[in-house]
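Bear in mind that the values in this text are calculations on the coordinates, not laboratory data. Source: prediction; values computed, not measured. Here Cβ is always computed from backbone atoms with ideal geometry, including for glycine, and neighbour counts include all displayed protein chains.
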């Protein structure tokens, strides 16, 4: 099976994180035209992405700010002309036991993980509805399905993201737009690299006794957004072996 994504137009919110950058590279390598956002860590067009300049459009977007989202997403849609696939990959965590959690930590995680997804999805899906075609993919988390010690805000935000996905799937199905969510396995990123206990816990709860990689996740996403998958919507995909 050869998966071809050549000339597909992808809008990726959160293209400069560890997972986002790996996915961005693979999309461009497959011949996609990609509009990607970043916030703090700029996507460098002069080094690792230089050879993809013609197919890569970038905008700085603060997903906690409605005006920034509207302006940045609208610019990328205009540059792409048509959006075939929308991927929301922005996410943060700010861990604390629930009794000690500060309101600003709760609000920060909710603003990025769910409010930003709502605001950006609204803009992109309105565009897709006019074309009566599209795919939406949220990068969620197993924490949104089972909860997590010391991560009430993160778990709640990802549970909300999954709920948003399921509702959007029902709203948008009649317009030939599919909406799904992917829950990555444990992958070492900037969000968890300072807590080795998380990696060990993931290994212990995995029947294959190993953790996932960003490459494996990206490969799964490439298949999901390809033309090989056209009748799947409203689903949550756990990409690991934790049970």
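Value of Rg to Rh for the stretch 32-107, rounded to two decimals, is 1.09; Kirkwood radius and Rg both from alpha-carbon coordinates.
Relative to the longest principal axis of the Cα atoms of the chain, helix 18-29 runs at roughly 30 degrees.
Among 187, 139, 3, a tally of other beta-carbon atoms within 10 Å of each Cβ gives an order, fewest to most, of 3, 187, 139. With respect to the chain, whose longest principal axis is taken over its alpha-carbon atoms, helix 116-131 is tilted by about 30°. Between the beta carbons of residue 100 and residue 197, assuming R0 = 22 Å, the FRET efficiency works out to 0.80 to the nearest 0.05. Figure legend: label point modelled 7 angstrom from the Cα of residue 79 along Cα→Cβ; residues of the stretch 4-46 with amide N under 11 Å from it are 12, 34-38, 43, 45. Helix 66-80 and the long axis of the chain differ in direction by around 40°, with both axes built from C-alpha atoms. Quick one: compute the contact order of the chain, relative version, from alpha carbon pairs under 8 angstrom and 6+ residues apart, as a percent. Dividing the mean separation by the residue count of the chain yields 19 percent. Neighbour counts of C-beta atoms inside 10 Å place 105, 44 in the sequence 44, 105, starting with the fewest.
Among 165, 1, 101, sorting on how many other beta-carbon atoms sit within 10 Å of each Cβ, with the fewest leading, yields 1, 101, 165. Each listed q (0.10, 0.11, 0.16 Å⁻¹) maps to a log10 I(q)/I(0) for the stretch 9-239, found by the Debye formula over equal Cα scatterers with no solvent: -0.43, -0.53, -1.16.
Take every DSSP beta bridge with both residues inside the chain and express the antiparallel ones as a percent of the total, to the nearest 5. Looking only at bridges with both residues in the chain, the antiparallel portion is about 5 percent.
Summary value for the stretch 92-184: 37 percent relative contact order, contacts being C-alpha pairs under 8 angstrom separated by 6+ residues.
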